[in-house]
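To start, the structure itself, in structure tokens.
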Amino acid sequence: MDHSFSCIENLDLEISVAYITLGGAREIWTRCPVAENKRRVDEAEAEVNRLLERRLVVQLASAA
């Protein structure tokens, strides 16, 4: 199996988990909008964005 394909599969899994985590953080924020919960939403969103950017870089590198 191509290493870049395996790497993309792993990133997809990490993105899925991070997205689920973001959904949970947003749900908690909706029920209890305090600063700590907002910080958790922001951190979870940043993690999803970081992983998506990383996936794009890997995908572009494997296409080159």
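Just so you know, all these numbers are worked out from the coordinates, no wet-lab data involved. Computed from a predicted structure; not experimentally measured.
Summary of computed values
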quantity	calculated
Net lengthening on full extension, Thr21/Ala64 (0.36 nm per residue, minus Cα-Cα)	12.2 nm
From the coordinates shown, Cα extents along the principal axes in Å corresponds to which of (1) 45, 17, 11; (2) 97, 10, 5; (3) 56, 34, 12	(1)
Vicinal HN-Hα couplings computed from phi for region 8-25 (Karplus, 6.51 cos²θ - 1.76 cosθ + 1.60; Hz; Gly/Pro x)	5, 4, 5, 5, 4, 5, 4, 5, 4, 5, 5, 5, 5, 4, 4, x, x, 5
Extension gain (nm, one decimal) between Arg50 and Ile8, 0.36 nm per residue minus Cα-Cα	13.7 nm
Nearest 10 degrees, 0 to 90: helix 35-63 Cα axis against the chain principal axis	10 degrees
Helix-only [θ]222 nm of the chain, DSSP H runs n ≥ 4, -39500 (n - 2.57) each, per residue, nearest 500	-32500 deg cm²/dmol
